[in-house]
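Note sheet for the following structure.
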Amino acid sequence: MNRALRKAYLQALQIDSWVLRGAPAMPQRIEPRPAEQWSALMRGVETCERCDLCKTRTRTVFGVGDRRAEWFVVGEAPGADEDRQGEPFVGRAGQLLNAMLRAIDLEREQVFIANVLKCRPPGNRDPLQSEIAACLPHLERQIALVRPKILLVVGRIAAHALLRTDAPLARLRQKTHRFGEAAVPLVVTYHPAYLLRTPTDKRRAWEDLKFAREVLAGG
Ligand code: URA
């Protein structure tokens, strides 16, 4: 094609010739790879001093499980066993949580489990609002990285922290809430430690687990 013809052709197409020659590369924002994002987040939690719980903790409790899980379980805060071992839900409540998951055909390793607080409140007292506010960004980042299909939130304190409400747990159960920008479906149920004290509510917890499974299935 001679030059005049090529120019007319490009004009007709409204394309500058530099497009055809290859446009200069646009400056790109280089996103760290997922493994690097996880490492940065883990380091951030390990070294966190955003609240005074860093002074009394034995270990931080980051969270465990499948980083690509469909189910993301959110608890309240580490207890004594978790503080010693650095893993969430390893005590008696953890045993019951595992059984609850198994009841809906899930092994612990198939889900991701993390708490609202990454450090143990001394004497297992309730978390302070200031501690929740300081720690929540860690959990939000975990949820953003896992991109779960459902959040199963166990207990009043975790539910209040994520849903920014103080409604009684009975009013939060059996509903599909949404969390964050991605509007991840969120279902609330009883905390396993509560169920150890009140086994008669296990039947209601079973209803909640079935409900969560239906939510995930889109039903
Ligand atoms: N209770 C929680 O909420 N989280 C744990 O990790 C253990 C007990």
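The values are calculated or read from the model by the stated rules, or taken from the named source; none is laboratory data. Note that the coordinates shown come from a computational prediction; the quantities given were computed from them, not determined experimentally. Neighbour counts run over all protein chains shown; Cβ positions are idealised from the backbone, glycine included. Just the protein is used for accessible areas: all its heavy atoms, side chains included, with ligands, DNA and RNA removed. Shrake-Rupley method; radii C 1.70, N 1.55, O 1.52, S 1.80 Å.
Brief remarks on what is shown
- For the chain, the longest principal axis of the Cα atoms and the long axis of helix 202-216 meet at an angle of about 10 degrees.
- Protein accessible area in the stretch 33-217, 1.4 Å probe - carbon and sulfur %: 47
- Where M42, M100 fall by accessible area, highest first, once all protein chains stay in place (1.4 Å): M42, M100
- Amide hydrogen proximity for F89: with H placed 1.01 Å from N in the peptide plane, the residues at 5 or more positions away or on another chain lying under 5 Å are G79.
- Only helices enter the 222 nm calculation for the chain: every DSSP H run of n ≥ 4 contributes -39,500 (n - 2.57), and dividing by all residues gives -13500 deg cm²/dmol, rounded to 500.
- Ranking K210, K149 by solvent-accessible area of protein heavy atoms (1.4 Å probe, all protein chains present), from largest to smallest, gives K149, K210.
- At a probe radius of 1.4 angstrom, the accessible area of the stretch 139-219 per residue rounds to 52 square angstrom.
- Helix axis angle, 92-103 relative to the chain longest principal axis, alpha carbon, degrees: 60
- Principal semi-axes in Å for the chain [√(5λ), Cα gyration tensor, largest first]: 46, 22, 15
- For L145, L196, L139, the ranking by accessible surface with the largest value first comes to L196, L145, L139, using a 1.4 Å probe.
- Percent antiparallel among DSSP beta bridges (both partners in the chain, rounded to 5): 30
- Cleavage-rule hits, trypsin sites (Lys or Arg not before Pro), the stretch 85-134, DSSP coil, Cβ neighbours within 10 Å at most 16: R125
- Coil-residue GluC sites (Glu not before Pro) of the stretch 117-213, DSSP, other Cβ within 10 Å capped at 12: E181
- This model, with +1 at the C-beta of Lys and Arg and -1 at the C-beta of Asp and Glu, gives the stretch 33-217 a dipole about its Cα centre of some 240 debye.
- Degrees separating the helix 34-46 axis from the principal Cα axis of the chain, which is the longest one: 40
- A 1.4 Å probe, protein heavy atoms only, puts the accessible area of R203 near 150 Å².
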